[in-house]
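FYI, it's all coordinate maths here, none of it is from the lab. None of the values given here were measured: they were computed from a predicted structure. Heads up, the Cβs are rebuilt from the backbone with ideal geometry, glycines too, and the neighbour counts pull from every protein chain shown.
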Amino acid sequence: MMIPACKHYHVVKNFDLLEKEIPHLDENTLVVFDIDETLLTRKDKLLCTPLVTTKYAKMIPKNKFFPAFSRAFKEGKFELTDKKLPELLGRIKNTSAKVIALTNVTSGSLGVIESYPDFRVRECAQFGFDFSDSFPNIKTLDIPIPQQPLKKKLPLFKNGIICTNGISKEIVLLAFFKKIKWKPTKVIFVDDLKIYVEKIGDAMKKENIDFLGLHYSKKENHDKEVNENVFDLQFKYLTEKDIWLSDEQATKLLESKQKEGNP
């Protein structure tokens, strides 16, 4: 059931409302998807919980955090938030509307990940998500912004995916419009974080762009499934042996140690 949250967005637990918009899409419509917890979610529960920063980041020196956890991000597996998404995205792309992704990740390297934008493109491609069609003449594009970028790296458009590099999404999206000298008449934006949906909606209103925001809230309650003994073992192997154990691997190893009487 969809719950109206304010004038310009809805809280949704599926993509039915987006599906209903498909017959009304035209060449002046831009559909924008967030990636993490909107299109894709991580299989390993530790990487979906705040414990990464609230607990484990405090247990190692700051200069070792990103090298360690970037390996977990690189080797951890994803799954679809909704199995219907590849088919739905295909139907949207079969219209004349434009489709891109907008993700709040670095536009450079991260630990063992040499290029996070390239890594993000590959992640999406594994599930059939290709955002390069809508702006085929733009493969890679630095996006100038009106403020000092993080670590002097500009937000980056790469094969239809915009990596914001820590800059708020609405600022980057408007800067993208300015850079390519094009502006849609309508934006449909889907994100699991309400704050981004609100900010994009407010920005579109100021630009007189029609807006439909979908705050996707199907995220599972991982707190009910938390096993910190498993997390502790994953963290131990990651920081001491430079090995990322999946939930399944860590659970089996923990059970084996418990049977043997080892801590």
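I need the Kirkwood Rh of segment 45-135: take the reciprocal of the average 1/r across all distinct C-alpha pairs and report it in angstrom. Walk me through the intermediate numbers first.
Numbers: mean 1/r = 0.0656 Å⁻¹.
When all Cα pairs of segment 45-135 are included, the Kirkwood radius is 15.2 Å.
Each of ASP232, ASP26 has some number of other Cβ atoms within 10 Å of its Cβ, and from fewest to most they run ASP26, ASP232. What you get for the chain, charging only the Cβ of Lys and Arg (+1) and of Asp and Glu (-1), is a dipole of about 740 debye around the Cα centre.
With a simple spin-label model that places each label point 7 Å from the Cα along the Cα-to-Cβ direction, the separation between GLU114 and ASN63 comes to 2.4 nm. Overall, the ratio between the Cα radius of gyration of segment 1-101 and 2.2 N^0.38 Å, rounded to two decimals, is 1.41. A full extension of the chain between VAL226 and ILE243 corresponds to an added length of 4.1 nm, given 0.36 nm per residue minus the alpha carbon distance. Spatially, segment 9-30 and segment 35-112 are offset by 23 Å when compared through their Cα centroids. Relative to its Kirkwood radius, the Cα radius of gyration of segment 33-187 gives an Rg/Rh of 0.98. When you work out D = kT/(6 pi eta Rh) for the chain at 37 °C and 0.692 mPa s, using the Kirkwood radius from C-alpha pairs as Rh and the Stokes-Einstein form, the result is 166 µm²/s.
Projected onto their three principal axes, the Cα atoms of segment 132-263 cover extents of 65, 30, 30 Å, largest first. A Förster radius of 41 Å, combined with the Cβ-Cβ distance separating GLU27 from LYS152, puts the computed FRET efficiency at roughly 0.70. For segment 27-123, a simple Cβ point-charge model (Lys and Arg +1, Asp and Glu -1, everything else neutral) yields a dipole of about 380 debye relative to the Cα centre. Each residue in THR53, THR164, THR81 was given a count of other beta-carbon atoms within 10 angstrom of its own, and listing them fewest first yields THR53, THR81, THR164. Distance between the 7 Å Cα→Cβ label points at LYS194 and LYS179: 3.1 nm.
So for ILE162, ILE60, ILE195, ILE113, fewest C-beta neighbours within 10 Å to most, what's the order?
Least crowded to most crowded, the residues run ILE195, ILE60, ILE113, ILE162.
Remark: spin-label model distance SER168-ASP133 equals 3.4 nm, labels positioned 7 Å along the Cα→Cβ axis.
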